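What follows is a single structure, written as C-alpha cells, with notes after it.
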Amino acid sequence: RMDAATTLVIFGATGDLASRLLLPALGQLLASEPDRRVNLIGAGTEDWSDAALKKVVRTAFAASDAEAAADRVDISYQQTDITKAADLKRLLKGLKGQVALYFAVPPAVTAAACEALTPEMLPEGVMLAMEKPFGTDEEGARELNARIAALVPEQQVFRVDHFLGKSTTLNLLGARFANRLLEPNWSAESIDSVTIVYDEKLGLEGRAGYYDHAGALVDMIQSHLLQVLAVVAMEQPATLDQADFREATSAVLRATRIWDDDPAASSRRARYTAGSVDGVEKPSYIDEPGVDPARNTETLAEATFEVRNARWAGVPFTLRSGKALGNPGREVVVHFKAVRHVPVGLRGSAAGAVLRLSLGPDQISLELNLNGADDPFVLERATLSADLGPGELLAYAEVLSGILDADPMLSVRGDAAEQCWRILEPVLAAWAGDEVPLEEYAAGSRGPEHWPYRR
Ligand code: BG6
C-alpha cells in the first residue's frame, strides 16, 4: 500500500483548517515516510489556480520542516461547489486507486455534500473523512450516519477526532495495559475519581462564526474529551484492531450518563470577561467581533459523568475545558483511593496516589507516600515523573495516516458519535432552560474562583 499513490481530495482546501492543520500534518507524515505517495486534489468554491494551491502547500509543509516533501506530491486544484451533484461528478470522474475525500468544511456543507453524492459517483473503496462536530444533536447525527451508510460501509468512514491521535491518549494504552502495577487497580476498587482537563490560553481566534454557536461544551467535551474518557475507561481490547478497539470505547460511551442523572447539579458553565492572558489584553467574550451576547455562549464548561458498569459505577469522571485561561491545566488525572489502614506509628497523611498524564508537553507523573527524609516515621509525598517528549507525529498526522492506510482505529465510529450527543443532551437542555447559571471569570485567571478542578 505504501508504494501505490493515494489520491487525497481536500474539500475546503482554501480554508483555514487545511492550511493550519491538515497540510502541515500531511507534510510531516510524508517527510517521515519517504515511501508514501500522495496525489493531492484541492477543491473549493474560490477561483484558485494549481499554482496558488501549490504555494499554500509549500508554506504549510515548511511549517513542519517538510518543504522538500512537497516535490513528491502531485498537486492540482479544482473549483467545485460540493453541494452540487454535477460538480461532484465532474471532480470524482476517473479517479482510480485508493481515494480519500476529506471534508474540511463546516458540518452543514458536509451534510449537503453527502446528500448530493450517490454511490455511483464514488470510486471503489473510497474513504470519507469528516471534521467535527458530527451533526448538531443525536437525531441529526443519526440521520447523517444513515445518509453516509447509504454511500459507503462504516469501515470507510473517518469521523475525525484529533484527540484520539494525540500521543498522550495513545500513551494511556501503554501505561494502563502494560503495567501489572496499574492494570488490576484500574477500577472503582482502587480509583476514587478521574479528571480530564483541557484548558487553553487561546481565545476566539476569529472563529466566532463557529464557536459562538458551539460553546465549550460542544466544541471540546462533546467530541474530544468524551473520546479521551472512553480510552481511560474502556475494557481491555484483545487487539488494537479497529473493530476491537472501537467496540471497547463505544461500550464505555453507551454506559456513560451525567452524574446522578442531575445535569443541573453536575455541570457548570462560565464565560470570560476582559482580562490579560500572558500580558496580552483580551476584551470580554461578549465584546469579541461576531459574538451575540444573547446566545449566552459559555467559554468554560465542566460536567461530571458516571460510567455505569461493574468496573466504574460510583467513580466521578469530571471533564472540563475552557478558553482564555491563565496557567491552564491539560491533563488526565487519576486519583487513587487511600489504603485502608496505615500501621499505627506511621504519622502524616496517607492520601491516595495520583497518576497524571499531561496532554502536551507529554509527561507522566505518579505521586506516592514515602517515608520522610527528616523523620522516617512521618510520611511525605514524593513524585516520580518522566518526560515523554513530543509524540513522533502531530495528532493530525496520526489521523491522516489512518485515513491514507484505510485504518479507522483512531476515528469515531458512527454509533459513538451518536452516543456523545446522547450523553450531553440533558446538559444542553438544562443550560437552555437556564437551570445552570452562566458564571464569569476574568480572561487570564484560572476560571471562577470557587470551582478549581481537583488537581
Ligand atoms: C479543536 C477546537 O477541535 O481543538 C478548538 O475546535 C481547540 O477550539 C482545539 O482549540 C484544541 O486542540 P489542539 O490540539 O489544537 O490543542
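Number of residues in region 291-329 that are modelled with pLDDT of 95 or more, within 15 Å of the ligand (Cβ to nearest atom) and either among the hydroxyl-bearing types (Ser, Thr, Tyr) or open to solvent by 10 Å² or more (accessible area, probe 1.4 Å) (or both): the value is 6.
Of the residues examined, residue 232 is not one that is within 13 Å of the ligand (Cβ to nearest atom) and not acidic (Asp, Glu). Say we look at region 256-266 and pick out the residues that are under 20 Å from the mean Cα position of the chain (by Cα) and buried (at least 19 other Cβ atoms within 10 Å of the Cβ); which of these is farthest from residue 451 (Cα to Cα)? My answer is 256. So which residues in region 1-43 are small (Gly, Ala, Ser) and open to solvent by less than 10 Å² (accessible area, probe 1.4 Å)? Result: 13, 18, 25, 27, 42, 43.
Just to be sure before I move on: is residue 229 open to solvent by less than 10 Å² (accessible area, probe 1.4 Å), at pLDDT 95 or above and farther than 25 Å from residue 434 by Cα in the structure I sent? So residue 229 fits the description; yes. Return yes or no: is residue 240 open to solvent by less than 10 Å² (accessible area, probe 1.4 Å), in contact (Cβ under 8 Å) with a residue 12 or more places away in the chain and more than 12 Å from the ligand (Cβ to nearest atom)? It is false that residue 240 is open to solvent by less than 10 Å² (accessible area, probe 1.4 Å), in contact (Cβ under 8 Å) with a residue 12 or more places away in the chain and more than 12 Å from the ligand (Cβ to nearest atom).
Note on region 103-124: residues that are of a type outside the set (A, V, I, L, M, F, W, C), open to solvent by 30 Å² or more (accessible area, probe 1.4 Å) and away from the ligand (no atom under 14 Å from the Cβ) amount to 5. Just to be sure before I move on: is residue 347 among the basic types (Lys, Arg), free of Cβ contacts under 8 Å to residues at least 60 places away in the same chain, more than 16 Å from the ligand (Cβ to nearest atom) and buried (at least 17 other Cβ atoms within 10 Å of the Cβ) in the structure I sent? Taking the combined requirement at face value, the residue does not satisfy it. Of the strands (runs of 3 or more DSSP E) lying entirely inside region 262-360, the ones with 3 or more residues being closer than 22 Å to residue 434 by Cβ are found at 267-273, 300-307, 317-322. Filtered by the rule that a residue be open to solvent by 20 Å² or more (accessible area, probe 1.4 Å) and part of a helix (DSSP H, G or I), region 146-156 gives 146, 147, 149, 154, 155, 156.
Report yes if residue 248 is without any contact (Cβ under 8 Å) to a residue 24 or more places away in the chain and in contact with a Pro (Cβ under 6 Å, 6 or more places away or on another chain), otherwise no. Yes: the conditions hold for residue 248. Say we look at region 172-200 and pick out the residues that are open to solvent by 10 Å² or more (accessible area, probe 1.4 Å) and closer than 14 Å to residue 230 by Cα; which of these is nearest to the ligand (Cβ to nearest atom)? This residue is 173. Checked against (1) assigned to a loop (DSSP other than H, G, I, E, B); (2) away from the ligand (no atom under 13 Å from the Cβ), residue 203 passes all but condition (2). Considering each residue of region 291-313 in turn, none proves to be over 26 Å from residue 426 (Cα atoms) and of a type in the set (Gly, Ala, Ser).
The values are calculated or read from the model by the stated rules, or taken from the named source; none is laboratory data. Everything numeric here is computed off the predicted structure, so don't read it as measured data. Glycine gets a Cβ as well: all are built from the backbone with ideal geometry, and neighbour counts include every protein chain shown. Note: areas computed on protein heavy atoms with side chains; ligands, DNA, RNA excluded. Shrake-Rupley method; radii C 1.70, N 1.55, O 1.52, S 1.80 Å.
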